[in-house]
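A quick write-up on the structure given underneath.
Read-outs throughout are calculated quantities, based only on the coordinates presented, and are distinct from any laboratory measurement. Fair warning: this is a prediction, and the values are worked out from it, not measured in the lab. Methodologically, a virtual Cβ is constructed for each residue, glycine included, from the backbone with ideal geometry; neighbour enumeration extends over all protein chains shown.
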């Protein structure tokens, strides 16, 4: 009996463990291997060393994708965190109807990026969306055609992504705010600190772990952003909103350059790992301390 | 990203799992992307023909124009050792498959018996044959260097169908003055490239061949290519500002509704006009891109047979049915394309279809029949997409014409 109890958890977990081992980690290894081969349309196994990586970084296209990722990633993470924190602080003022307002902000997260992208494509389209609406209302000088402008199109991706995710970040911060010990705040109030000062000097610094979690969640969403870009701009105008994920798909599956595609996938994985591993490390370390 | 890969392979696996039922020896399992109403109806002709010969049809439609999704599924199936009997393919995809896997069926016996070599133009045989053996049966020929003009808008702009680049510009200018969008266009890379095909061919067929088929660096970066890019920039000035990302059929709708004057698009656009009850010659006019009269850039859908221990009886029956003049006529009347055989009577076709068939025959006879770069019939997918990158970047104003020509050389070199 005792024996069975000891083995039961392992038995139950074994199938999913095995499936993940094969379909995630084995395929990561396989992709890594492919990135060193001369695979074009189908996988092939001629070893070419780092040739695919050299080629990858000489491609103007990949540079565009990296620059776009940098613009998108930074703005997305910063704006989402700032907006999420602000909303959370405002909601935390013990206002009436919080239970009603909170889900409204959180709801966009329930939509898939495809839906968000398609909806925002229509909002932002000058012919049918916001610009057209204002023109019909009589404000004919109103001008908002970023989605059609190759220099600004990447910012429309930021707008749609922020709309989608900031409510979720708000929920994370709200949970963090609710976890702050009331005694500390009361002590500060007795000492005569203003609410702004309390937030700035006491509460926000105490939320460091929440910032870290939000950063990790948002950063990996940014790196793997694919569906939103495809639905919103299709990578255009021209190739102006190409990001690494769309690059990976097009090189692997439509351009018959599987080797280059695999190497870009590996670079993206390295990016994700370089965010996740320090995070896990710090989490595990602080766990040990407690 | 790994998760996405996983999701992709998982969904591919589901598709495979749901579609694999054991095909009997006398069944053909056909992978294709003809899912639109008219196309599906046209395929029924083929199904019924095969049914009368006791060959069953297992349909495996993968929706998605251009067939990218279908090719992804096909890859998964072939990698998994479970190839379909036949698959719809385009241009260089056929060559890539033949060159990479080598396990395609051999249709020589039926091709010889029915004399395919005499009726299929050599430019098409280039794709239907590998190492001198027939591996595919061509179904249709689309040509891409068409211009579709709203008749009313043309009449208001002088009424004369443009025959040269200068006349085209004059008509476009007149349309602009009349207050409509002269050129309906959708800003997607393949649509930009479709126009580029015609523009380059219009400058000179030699340039087209040297640049896109022979991939000659001097032609790709030469003076004439700079001029071709200049012409693209000129055409850009006639497109409305809201064009990027627009689907081609919406651009056709602009011409049909009279909001725009013309569209430069392959003959599949005709279907949109016919669906809107427009009559060729009365409501709309179809002309070859000015300067490319008598020449044709084509793309051709073909059914490629996968090896099943030599070609099976069912495969040979299917290939024979695909090549029968009755099917070629029935299918292409619906599809808007022209038959892949040059000996099919044009009685059932409308005016544009008749013109298309005549042009096709003329181009074939005079050596003016070229595979379309924009549609994967002039060079492999990697090169094609590299050219797309440059053409679309230039069309969206990222490069000037001189830089674009230089970038074109570098891009093609990098993708070879």
Once label points are set 7 Å from the Cα along Cα→Cβ at both residue A:82 and residue A:107, what is their separation, rounded to one decimal in nm? 2.7
For segment A:60-255, what D do you get in µm² per second when you plug the Kirkwood radius from alpha-carbon pairs into Stokes-Einstein at 4 °C and 1.567 mPa s? 69
Given the protein assembly as shown, what percent of its DSSP beta bridges are antiparallel, to the nearest 5? 60
So how do A:263, B:312, A:274 line up by other beta-carbon neighbours within 10 Å, fewest first? A:274, B:312, A:263
Say we join alpha carbon atoms closer than 10 Å with springs in a Gaussian network model of chain B; which of B:171, B:119, B:333 then has the biggest fluctuation? B:119
Which one, B:128, B:329, B:244, has the greatest fluctuation when you compute a Gaussian network model over chain B with C-alpha springs under 10 angstrom? B:244
How much FRET efficiency would the formula 1/(1 + (r/R0)^6) give for residue B:250 and residue B:416, where r is the Cβ-Cβ distance and R0 is 22 Å, rounded to 0.05? 0.05
Taking neighbour counts of Cβ atoms within 10 Å as a proxy for exposure, in what order, fewest first, do B:218, B:272, A:242 appear? B:218, B:272, A:242
If one takes the longest principal axis of the Cα atoms in chain B, at what angle in degrees, from 0 to 90 and to the nearest 10, does the Cα axis of helix B:325-335 lie? 50
Each residue of A:258-266 has, on average, a number of other protein chain C-beta atoms within 10 Å of its C-beta equal to 1
Report the residue, chosen from B:354, B:335, B:275, that carries the largest GNM mean-square fluctuation when chain B is represented by alpha-carbon nodes joined by springs under 10 Å. B:275
Order of A:37-47, B:69-79 by packing, highest average Cβ count within 10 Å first? B:69-79, A:37-47
Which Rg and Dmax, in Å, describe the Cα atoms of chain B? 21.5, 64
Counting only the backbone N, which residues of segment B:253-274 are under 18 Å from the spot 7 Å out from the Cα of residue B:362 toward its beta-carbon? B:267
Sum of -39500 (n - 2.57) over DSSP H runs of 4+, divided by residues of chain B (222 nm, nearest 500): -15500 deg cm²/dmol
Expressed as an acute angle from 0 to 90° and rounded to the nearest 10, what is the orientation of the C-alpha long axis of helix B:2-19 relative to the principal long axis of chain B? 60
Helix B:91-100 sits at what angle to the longest principal axis of chain B, using alpha carbons and giving 0 to 90 degrees rounded to 10? 40
Take peptide B:29-38, look around each residue's Cβ out to 10 angstrom, count Cβ atoms belonging to other protein chains, and average those counts. 0
Stokes-Einstein diffusion coefficient for segment B:335-416 at 25 °C in a medium of 0.890 mPa s, Rh from the Kirkwood formula over Cα pairs: what value in µm²/s? 162
antiparallel share of DSSP beta bridges within chain B, to nearest 5, in %, is 60
Output field shielding_mean for A:248-255 (other chain Cβ, 10 Å radius) holds 5
Taking the convex hull of the Cα atoms, report for the protein assembly as shown its projected area averaged over all directions, in nm². 39.8
Rank-order A:193-200, A:2-9, A:148-155, A:179-186 by packing density, defined as the average count of other C-beta atoms within 10 Å over each peptide's residues, highest first. A:148-155, A:193-200, A:179-186, A:2-9
Footprinting proxy, A:215, A:273: sorted fewest to most Cβ within 10 Å, the residues are A:273, A:215
Protection proxy (average C-beta count within 10 Å per residue), highest first, orders A:22-33, B:376-387 as B:376-387, A:22-33
